[in-house]
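Peer 1: Here you go, one structure.
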């Protein structure tokens, strides 16, 4: 009798634990989905404008209008703060500069017509980088992200700058992305990112979070190129999956994005009346 009762208690405890895990996973997924609102709108717009031709303006210009309206709406509805808008604008400029250079070097192209282009790059393209920053800022606030054993600014800033510059310099010099990736592991070996789900705080290695975000952006890149957001040389005839090696590029770009957001959060937290990094 006692063994039967004990077995029943164990089964009930296991069910409660499983229910708790499921609730936490669903809550985490919900917060992630809300954080991805801007990227989702961009992908939906890419698909819609590919399937349904819109009148009066080229597709790239319609995408710019949609992105501008979405950005205005997110700030107007208080889904994004003015501080986050500043960060997102910075990433728009960083991304646009990279796009202009890469187009000039023939890394990829925007073959469709557009009135609002700078040196062959449609302005909406900057929002694809800005949407990554939007996701990081949103997730940071919604999940109350905190940083544990974060390296000093004098280690973080030069590393982020070197990663970004390598996107340019590897066309003229050796590609040091793998050396930089190894350096990231060294610098952030002890660093962890913490996040809150339903009052429970979890943590993971910072390097693992970089890899996960970079991998999912690579998946998003496949979706974007399928809907004609841009085109790699080997996709000129017919669409093909983006080479898996691009994950390393996105991984490094995510690191730059995350490091800039982290530094700005810390600067804001150190200002009079500012919040700590984990407070959004």
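Peer 1: Residue check: is residue 98 buried (at least 19 other Cβ atoms within 10 Å of the Cβ) and touching a residue at least 24 places away in the same chain (Cβ under 8 Å)?
Peer 2: The answer is yes for residue 98.
Peer 1: Another question about this same structure. Against the conditions (1) over 29 Å from residue 161 (Cα atoms); (2) assigned to a helix (DSSP H, G or I), where does residue 54 fall short? Just the number, please.
Peer 2: (2)
Peer 1: Kindly check whether there is at least one residue in region 102-116 that is modelled with pLDDT under 85, within 21 Å of the chain's Cα centre (by Cα) and not in a loop (DSSP other than H, G, I, E, B).
Peer 2: yes
Peer 1: Against the definition (touching a residue at least 12 places away in the same chain (Cβ under 8 Å), farther than 26 Å from residue 144 by Cβ, in contact with a strand residue (DSSP E or B) (Cβ under 8 Å, 6 or more places away or on another chain) and surrounded by 15 or more Cβ atoms within 10 Å (Cβ to Cβ)), how does residue 225 come out, yes or no?
Peer 2: Yes; evaluated as a whole, the condition is true for this residue.
Peer 1: Still on this structure: From (1) at pLDDT 85 or above; (2) farther than 20 Å from residue 129 by Cα, pick out the condition that doesn't hold for residue 10.
Peer 2: Every listed condition holds for residue 10 apart from (1).
The values are calculated or read from the model by the stated rules, or taken from the named source; none is laboratory data. In this text, all values refer to a predicted model and were calculated from it rather than measured experimentally. Methodologically, a virtual Cβ is constructed for each residue, glycine included, from the backbone with ideal geometry; neighbour enumeration extends over all protein chains shown.
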